[in-house]
1. Out of 72, 105, report the one residue that is part of a helix (DSSP H, G or I) and more than 26 Å from residue 19 (Cβ to Cβ).
2. May I ask you to say which residue of 15, 26, 53, 90 is part of a helix (DSSP H, G or I) and in contact with a strand residue (DSSP E or B) (Cβ under 8 Å, 6 or more places away or on another chain)?
3. Considering the range 38-59 alone, what residues qualify as being farther than 28 Å from residue 116 by Cβ and not basic (Lys, Arg)?
4. Inspect all residues belonging to the range 6-27 and state whether any of them is among the charged types (D, E, K, R), in contact with a Phe, Trp or Tyr (Cβ under 8 Å, 6 or more places away or on another chain) and touching a residue at least 12 places away in the same chain (Cβ under 8 Å).
5. Just to be sure, is residue 116 outside any helix (DSSP H, G or I), within 30 Å of residue 11 (Cβ to Cβ) and touching a residue at least 12 places away in the same chain (Cβ under 8 Å)?
6. Which condition from (1) surrounded by 10 or more Cβ atoms within 10 Å (Cβ to Cβ); (2) outside any helix (DSSP H, G or I) is the one that residue 64 breaks?
7. Given the options 89, 77, 104, name the one that is closer than 23 Å to residue 127 by Cβ and surrounded by 13 or more Cβ atoms within 10 Å (Cβ to Cβ).
Amino acid sequence: MISDRRRPRLDYAMLVLTLALLCLGLIMVYSASAIWADQKLADPFYFIKRQALWGVLGVWAMAFLSRFDYNRFKEWIWPIFAGTVGGLILALSCDPVANTNRWIRLGPLSLQPSEFAKIVASIFLAYYLDRRASKLES
């Protein structure tokens, strides 16, 4: 964790944009699923409740990770990268869902490793460019 003296200031623009995208996503989920959820589940807000819960957890994770020194990822990039590739390979060997092998089922939870791969690809690219910063100008 970062000490209080070195803690970066809150980026209000990023926070407002994130919350705006979250609200827009909630509106889209509601507009796309309310009628079906009302007819099939007798609750037009079923999917928006689930999405809002995940949105709150995501904002909490963002707040937690904003206090984390991202330079520490340099030590863990290769294990994280290997774990992500392993997850992608594991998804190929799992039972297909809707004739596709994109999901890993863990009891009541389902994971889509490609979502983690997007984040890890960004972190790995930053690591790669940082390691070759001196060669970027040539």
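1. Values: 105 fails: part of a helix (DSSP H, G or I).
That would be 72, the only listed residue that is part of a helix (DSSP H, G or I) and more than 26 Å from residue 19 (Cβ to Cβ).
2. Residue meeting the stated conditions: 90.
3. As a first pass, look at the range 38-59 and keep what is farther than 28 Å from residue 116 by Cβ: 38-45.
Answer for the range 38-59, where residues must be farther than 28 Å from residue 116 by Cβ and not basic (Lys, Arg): 38, 39, 41, 42, 43, 44, 45.
4. Our first condition is that a residue be among the charged types (D, E, K, R); within the range 6-27, this holds for 6-7, 9, 11.
Filter again for in contact with a Phe, Trp or Tyr (Cβ under 8 Å, 6 or more places away or on another chain), leaving none.
No, because not a single residue in the range 6-27 is among the charged types (D, E, K, R), in contact with a Phe, Trp or Tyr (Cβ under 8 Å, 6 or more places away or on another chain) and touching a residue at least 12 places away in the same chain (Cβ under 8 Å).
5. Numbers: outside any helix (DSSP H, G or I): no; within 30 Å of residue 11 (Cβ to Cβ): yes; touching a residue at least 12 places away in the same chain (Cβ under 8 Å): yes.
Answer is no for this residue.
6. Among (1) surrounded by 10 or more Cβ atoms within 10 Å (Cβ to Cβ); (2) outside any helix (DSSP H, G or I), residue 64 violates only (2).
7. Values: 89 fails: surrounded by 13 or more Cβ atoms within 10 Å (Cβ to Cβ); 104 fails: closer than 23 Å to residue 127 by Cβ.
When all the criteria are applied, what remains is 77.
Per-residue answers, yes or no, for (1) at pLDDT 85 or above; (2) under 20 Å from residue 24 (Cβ atoms); (3) surrounded by 11 or more Cβ atoms within 10 Å (Cβ to Cβ):
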{"residue": "37", "(1), (2), (3)": "yes, yes, yes"}
{"residue": "40", "(1), (2), (3)": "yes, no, no"}
{"residue": "45", "(1), (2), (3)": "yes, yes, yes"}
{"residue": "51", "(1), (2), (3)": "yes, yes, yes"}
{"residue": "57", "(1), (2), (3)": "yes, yes, no"}
{"residue": "72", "(1), (2), (3)": "no, no, no"}
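The values are calculated or read from the model by the stated rules, or taken from the named source; none is laboratory data. Computed from a predicted structure; not experimentally measured. Ideal geometry is used to build each Cβ from the backbone, glycine not excepted, and the neighbour counts take in all protein chains shown.
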